[in-house]
1. So if I restrict to the alpha-carbon atoms in the stretch 48-151, what is the Rg, and what is Dmax, the biggest pairwise distance, in Å?
2. Fewest first, what order do 111, 79, 1 take by the number of other Cβ atoms within 10 Å?
3. Treating the beta-carbon of each Lys and Arg as +1 and of each Asp and Glu as -1, no other charges, what is the dipole magnitude of the stretch 48-151 about its Cα centre, to the nearest 20 debye?
4. Positive end of the dipole of the stretch 1-124, charges at C-beta (+1 Lys, Arg; -1 Asp, Glu), about the Cα centre: which of 91, 28, 47 has its Cα farthest in that direction?
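Just so it is clear, none of the values below were taken in a lab; they were calculated from the coordinates. Remember, predicted model here, so these are calculated numbers, not experimental data. Ideal geometry is used to build each Cβ from the backbone, glycine not excepted, and the neighbour counts take in all protein chains shown.
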Amino acid sequence: MNCPYCGYHDSKVVDSRDVNDGIRRRRQCLRCDSRFTTYERLQPASLFVIKKDERREEFNRNKLLTGIRKACEKRPLPMGTVDKLADDIEAELYRIGKAELPSTTIGDMVMERLKSLDYIAYIRFASVYREFTDITALKQEIDTLVSSEAETPTPTSQLPLLPGEHLGGTVSRQRRDRRRKA
């Protein structure tokens, strides 16, 4: 391991610890005595994604993260939620054990998890993934979501799909108060 400070090729390990998915090592350069941290983790076998046009490309975790982050942008989700979601999906993809998977498998996994996490993020992702061509298709997806929400209890972490729902009239009360002040 080359020292990031002086570039020297030799270092000694000062401390090693197990972390979630690998080993964290504190190293000390044998030339300049600077300390730095390295992480080792198992590199799983290559996984290829079969795109809609039948092209194959290597699975790219950053691409997965970018798509999820765009869908969750400006949503009040706890820190680390998006990374954990990507970690879970990536782990499941490798658990499947196939060398090649269709992109639809990944998209469906993202949709399933976003639906239980945040409805707005789910709709944002669905609008790109399902390639809605008009407002009617988008409305149908929202209607399906609203009807499924009515049938099953909404998780407490889930924000309401439509403004004012589950807020006990708070929004309408705030509007009345603003009108009175004006």
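1. Rg then Dmax for the stretch 48-151, in Å: 14.3, 40.
2. 79, 1, 111
3. Charge dipole, the stretch 48-151, about its Cα centre: 320 debye, nearest 20.
4. 28
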